[in-house]
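Comments concern the structure below.
The values are calculated or read from the model by the stated rules, or taken from the named source; none is laboratory data. Source: prediction; values computed, not measured. Here the Cβ positions follow ideal geometry from the backbone for every residue, glycine too, while neighbour counts run over all protein chains shown. With ligands, DNA and RNA removed, areas are computed over all heavy atoms of the protein, side chains included. Shrake-Rupley method; radii C 1.70, N 1.55, O 1.52, S 1.80 Å.
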Amino acid sequence: QVQLVESGGGLVQPGGSLRLSCAASGSIFTIDTMSWYRQAPGQQRELVAGMTTVGTTSYADSVKGRFTISRDNAKNTVYLQMDSLQAEDTAVYYCNADIARWRFDLLRQYWGQGTQVTVSS
């Protein structure tokens with residue numbers, strides 16, 4: 001069974017920072033793209049940042065220059081460093097990964113349970 005476990009969310013003041021972590025475990029042959037999504041109350045889930053195995057990154061325009069995605073392939077872990085946080089960043093943040101469980105298995109998407117990030121004075 002493949003499992004993604006997230007951590008690092010919490011309450012922070014505007015201008016503050018948080019670092020989210022997501023570790024994949026279980027039956028894993030290879031992991032392709034890993035990414036972070038977020039969903040605010042009443043809003044659609046949106047892609048925040050993504051990173052390929054070889055290091056290519058992408059970011060939503062709203063977080064460029066403030067958020068940084070990174071990963072440790074040896075640990076099957078992806079991180080999201082969030083700086084200069086704003087109230088508009090308040091949301092549940094979800095980890096996503098494309099994973100093959102064995103050789104020649106098709107890649108499929110797995111999701112973490114989500115972690116709450118609240119930015120407020």
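With a sphere of radius 15 Å drawn around the Cβ of Asn76, what net charge do the other residues whose Cβ falls strictly inside it have (Lys, Arg +1; Asp, Glu -1)?
-1
Would you mind finding the longest exposed-site-free stretch of the chain, with exposed chymotrypsin sites (Phe, Trp or Tyr not before Pro) meaning DSSP loop and at most 15 other Cβ atoms within 10 Å?
It works out to 30-101.
So the label point goes 7 Å from the Cα of Arg66 along Cα→C-beta, right? Which residues of region 16-43 then have their backbone N under 11 Å from it?
From region 16-43, the list is 16-17.
If you average the sequence gap of Cα pairs under 8 Å that are 6 or more apart and divide by the length of the chain, what percent do you get for the contact order?
36 percent
Using the Kirkwood radius built from alpha carbon pairs, what does the Stokes-Einstein equation give as D for the chain at 20 °C and 1.002 mPa s, in µm² per second?
On the way: Rh = 14.5 Å.
Taking Rh from Cα pairs, D becomes 147 µm²/s.
Note down the magnitude of the dipole of the chain about its Cα centre, charges +1 on Lys and Arg C-beta and -1 on Asp and Glu C-beta and zero elsewhere, to the nearest 20 debye.
220 debye
Under the Karplus relation 6.51 cos²θ - 1.76 cosθ + 1.60, θ = phi - 60°, what is the ordered set of whole-Hz ³J(HN,Hα) values for region 106-119, x standing for Gly and Pro?
Result, ordered by residue: 6, 5, 9, 8, 10, 10, x, 7, x, 9, 7, 10, 10, 10 Hz.
Residues with beta-carbon under 11 Å from that of Val119, excluding Val119: net charge, scoring Lys, Arg +1 and Asp, Glu -1?
-2
Please list, in order along region 32-47, the HN-Hα scalar couplings obtained from phi with the Karplus expression 6.51 cos²θ - 1.76 cosθ + 1.60 (θ = phi - 60°), rounded to whole Hz, x for Gly and Pro.
Once rounded to whole Hz, the list reads 8, 5, 10, 8, 10, 10, 9, 9, 8, x, x, 10, 6, 5, 10, 6.
With bins 10 Å wide starting at 0, give me the P(r) of region 11-76 over every alpha carbon pair, in whole percents.
Calculated P(r), rounded to whole percents: 16, 46, 30, 7, 0.
Roughly to the nearest percent, how much of the accessible area of region 1-81 is carbon and sulfur, given a 1.4 Å probe?
Working: 2080 of 4390 Å².
Looking at region 1-81 in its full context, I get 47 percent from C and S.
Using only Cα atoms, locate the centre of region 83-104 and the centre of region 1-55, then give the distance between them in Å, rounded to an integer.
2 Å
What does the charge count near Val92 come to, summing +1 for each Lys or Arg and -1 for each Asp or Glu among other residues with Cβ under 12 Å from its Cβ? Before the final figure, lay out the partial values.
Working: positive: Arg38, Arg45; negative: Glu6, Glu46, Asp89.
Overall, the nearby charge balance is -1.
Taking a probe of 1.4 Å, how large is the accessible area per residue of region 26-121, in Å²?
54 Å²
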